[in-house]
Amino acid sequence: MPGFYTSQLAEALAPDVLNRFLRYVRIDTQSRRDRVSSPSTPGQLDLARVLVAELEEAGLHDVRLDDNGYVIGTLPANENGSGNGNGNVIGLIAHMDTSPDAPGQGVEPIVHQGYTGGVIELPREGTVLDPAAMPELVDKLGHDIVTGSGDTLLGADDKAGVAEIMAAVAHLAAHPELPRPTLRVSFTPDEEIGEGATLFDIPRFGARCAYTLDGSDIGELQDETFSAVEVVLTVRGVEVHPGWATGKLVNALRLAAQIVAALPSATLTPETSAGREGFIHPTEITGTAGKAEVRFIVRDFDDDLLERHVALLEDTARRVVAAESRARLDVNVREQYRNMRRFVSAVPNVTDAAEAAIRAEGIEPIRKPIRGGTDGSRLSEMGLPTPNLFTGGHEYHSVREWASLQDMAAAAAVVVRLAEVWSRNGDG
Ligand SMILES: [Zn+2]
């Protein structure tokens, strides 16, 4: 296929996908933890308003930005796809925010046309994309690679998904001869801080199932995610001026560091685990000598093992703090999301349809569990079965983030084909 596209459809969609993507990534939509309102940051509303205008321009109905920063819109079924009754409403979801874990302001995307192999050097901060460290890049010879400029994330997570859904529904709206069920589109805020599903109105959305476009390499179809909790330890010591501290000071920061040091490091960490193994991962230590807070995320695919990891963390913290009788420990465990598999496998035609759409695009589906969560993890638990599809983006949450235009176009084409599959699927 000339231009390394998976199909003529993908090639036709590519310019629109790229134009939209380059526009969206320039808008700073980085979310912020411990939000006090939804969305957590005003930049997400800037993108939301752009998307509302573009959905209306594409001809979608009932386009709205709700009070919590969720964009929704409807592309009604056409004659070719409406023979299935009103129950056939399919959702398409992507998140508007970018990760707080890497700089997200002032993204200046670069399109490196026709990748010829070797290291891609970005203009700022000596950032490089080295295929020796990124095996996926080796597979993209000939592709147009989109990156940031080296000092920010790119935002393919998840603006690649947003651009792909936009391009696909605009294409379907402009081509009424292509069969489609009713498609409900939603762009969500604050996924990266684990809140994307919190205020998602499933009854109003009214879909039987949905798909997030929030995966990575071409072909990925994910219906299994981590189960996830966040644990926050608060250590209280005794703060005394260091000049008069002899025998009195109890340093909370020192105890916090001891807790982290006492945890397993050769196993049960993100950097030493793979596949279906879980982990305990400290993400932040803050505080003073008087009071320190340590945040952890704990992950596993198995809910029982997840509980064991949490118990290990809690026991370790209590043992360390118990050695200093004047110190106090508070443990706060918060469930974030659960493995979606059990909820999605109850309705097998949802992943079957996605597999069929991926194959129709000439791609072999890749079925492997995602070592993370998506909006779909919680939506599935809340009653909207929502597996995850690839977007063509890589190295998320880093200044090395990149995406293949050809693979982004393939994802948009898969959405168009998914509409066709569901138009045949009926009410079953
Ligand atoms: Zn994402």
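The values are calculated or read from the model by the stated rules, or taken from the named source; none is laboratory data. Treat the numbers as computed from the prediction; the structure is a model and nothing was measured. Positions of Cβ are generated from backbone atoms using ideal geometry, with glycine treated the same way; all protein chains shown enter the neighbour counts. In case anyone asks, the SASA skips ligands and DNA or RNA and just uses the protein heavy atoms, side chains included. Shrake-Rupley method; radii C 1.70, N 1.55, O 1.52, S 1.80 Å.
Within the stretch 225-254, track down each residue that is away from the ligand (no atom under 16 Å from the Cβ), in contact (Cβ under 8 Å) with a residue 60 or more places away in the chain and surrounded by fewer than 23 Cβ atoms within 10 Å (Cβ to Cβ).
Once the filter is applied, which keeps residues that are away from the ligand (no atom under 16 Å from the Cβ), in contact (Cβ under 8 Å) with a residue 60 or more places away in the chain and surrounded by fewer than 23 Cβ atoms within 10 Å (Cβ to Cβ), the stretch 225-254 yields VAL229, GLU230, VAL231, VAL232, THR234, ARG236, VAL238, VAL250.
In the stretch 270-299, what count of residues is obtained for those that are crowded, with 17+ Cβ neighbours inside 10 Å, part of a loop (DSSP other than H, G, I, E, B) and among the hydrophobic types (A, V, I, L, M, F, W, C)?
Residues flagged as crowded, with 17+ Cβ neighbours inside 10 Å, part of a loop (DSSP other than H, G, I, E, B) and among the hydrophobic types (A, V, I, L, M, F, W, C) within the stretch 270-299 amount to 1.
Give all pairs with beta carbons closer than 7 Å in which a residue from the stretch 12-36 that is free of Cβ contacts under 8 Å to residues at least 40 places away in the same chain meets a residue that is in a helix (DSSP H, G or I) and surrounded by fewer than 15 Cβ atoms within 10 Å (Cβ to Cβ); count only pairs at least 6 apart in sequence or on separate chains.
If the second residue must be in a helix (DSSP H, G or I) and surrounded by fewer than 15 Cβ atoms within 10 Å (Cβ to Cβ), the pairs left are ILE27/ASP46.
Kindly indicate which of GLY73, GLY104, GLY150 is crowded, with 17+ Cβ neighbours inside 10 Å and assigned to a strand (DSSP E or B).
GLY73
Identify, from the list VAL294, VAL344, VAL399, the residue that is modelled with pLDDT of 95 or more and closer than 30 Å to ARG236 by Cβ.
Within the list VAL294, VAL344, VAL399, the selection yields VAL294.
Picking from GLU136, GLU125, which residue would you name as being in contact with a Gly (Cβ under 6 Å, 6 or more places away or on another chain), surrounded by fewer than 22 Cβ atoms within 10 Å (Cβ to Cβ) and not β-branched (Val, Ile, Thr)?
Answer to the selection: GLU125.
Of (1) closer than 28 Å to ALA357 by Cβ; (2) under 20 Å from the mean Cα position of the chain (by Cα); (3) open to solvent by 10 Å² or more (accessible area, probe 1.4 Å); (4) hydroxyl-bearing (Ser, Thr, Tyr), TYR115 satisfies all except one. Which?
Tallying (1) closer than 28 Å to ALA357 by Cβ; (2) under 20 Å from the mean Cα position of the chain (by Cα); (3) open to solvent by 10 Å² or more (accessible area, probe 1.4 Å); (4) hydroxyl-bearing (Ser, Thr, Tyr), TYR115 fails exactly one: (2).
If the requirement is being touching a residue at least 40 places away in the same chain (Cβ under 8 Å), aliphatic (A, V, I, L, M) and in contact with a helix residue (DSSP H, G or I) (Cβ under 9 Å, 6 or more places away or on another chain), which of these qualifies: LEU137, LEU199, LEU183?
LEU183
Scan the stretch 163-179 for residues that are open to solvent by 20 Å² or more (accessible area, probe 1.4 Å) and either touching a Ser or Thr at 6+ places or on another chain (Cβ under 7 Å) or within 16 Å of the ligand (Cβ to nearest atom) (or both) and jot them down.
PRO179
Can you find, within the stretch 76-101, the residue that is modelled with the lowest pLDDT among those that are more than 23 Å from THR283 (Cβ to Cβ) and open to solvent by less than 10 Å² (accessible area, probe 1.4 Å)?
Checked the stretch 76-101; the qualifying residue modelled with the lowest pLDDT is GLY81.
Hey, does the stretch 1-18 have a residue that's in contact with a Lys or Arg (Cβ under 8 Å, 6 or more places away or on another chain) and within 18 Å of LYS159 (Cβ to Cβ)?
Within the stretch 1-18 (the criterion being in contact with a Lys or Arg (Cβ under 8 Å, 6 or more places away or on another chain) and within 18 Å of LYS159 (Cβ to Cβ)), the answer is no, since none of the residues qualifies.
Just need a number here: residues in the stretch 358-417 that are surrounded by fewer than 19 Cβ atoms within 10 Å (Cβ to Cβ) and aromatic (Phe, Trp, Tyr).
Counting residues in the stretch 358-417 that are surrounded by fewer than 19 Cβ atoms within 10 Å (Cβ to Cβ) and aromatic (Phe, Trp, Tyr) gives 0.
May I ask you to say which residue of GLU355, GLU314 is modelled with pLDDT of 95 or more, over 24 Å from the mean Cα position of the chain (by Cα) and not hydroxyl-bearing (Ser, Thr, Tyr)?
GLU314
What helices (runs of 4 or more DSSP H), lying completely within the stretch 331-428, carry at least 1 residues that are within 16 Å of the ligand (Cβ to nearest atom) and farther than 22 Å from LYS140 by Cβ?
Qualifying helices (runs of 4 or more DSSP H): 375-381.
Restricting to the stretch 111-134, give me the number of residues that are free of Cβ contacts under 8 Å to residues at least 60 places away in the same chain, farther than 19 Å from HIS397 by Cβ and of a type in the set (A, V, I, L, M).
Within the stretch 111-134, residues that are free of Cβ contacts under 8 Å to residues at least 60 places away in the same chain, farther than 19 Å from HIS397 by Cβ and of a type in the set (A, V, I, L, M) number 2.
Can you say whether LEU183 is open to solvent by 30 Å² or more (accessible area, probe 1.4 Å), outside any helix (DSSP H, G or I) and either farther than 26 Å from SER99 by Cα or away from the ligand (no atom under 16 Å from the Cβ) (or both), as far as the supplied structure shows?
no
With the requirement that a residue be closer than 27 Å to ILE363 by Cβ and more than 16 Å from the ligand (Cβ to nearest atom), what does the stretch 187-222 give you?
ALA207, ARG208, CYS209, ILE218, GLY219
Quick check on ALA94: is it within 16 Å of the ligand (Cβ to nearest atom) and of a type outside the set (Asp, Glu)?
Considered against the rule, which asks whether it is within 16 Å of the ligand (Cβ to nearest atom) and of a type outside the set (Asp, Glu), ALA94 comes out as yes.
Looking at (1) among the aliphatic types (A, V, I, L, M); (2) within 16 Å of the ligand (Cβ to nearest atom); (3) in contact with an Asp or Glu (Cβ under 6 Å, 6 or more places away or on another chain), which one does VAL128 not meet, given that it meets all the others?
(2)
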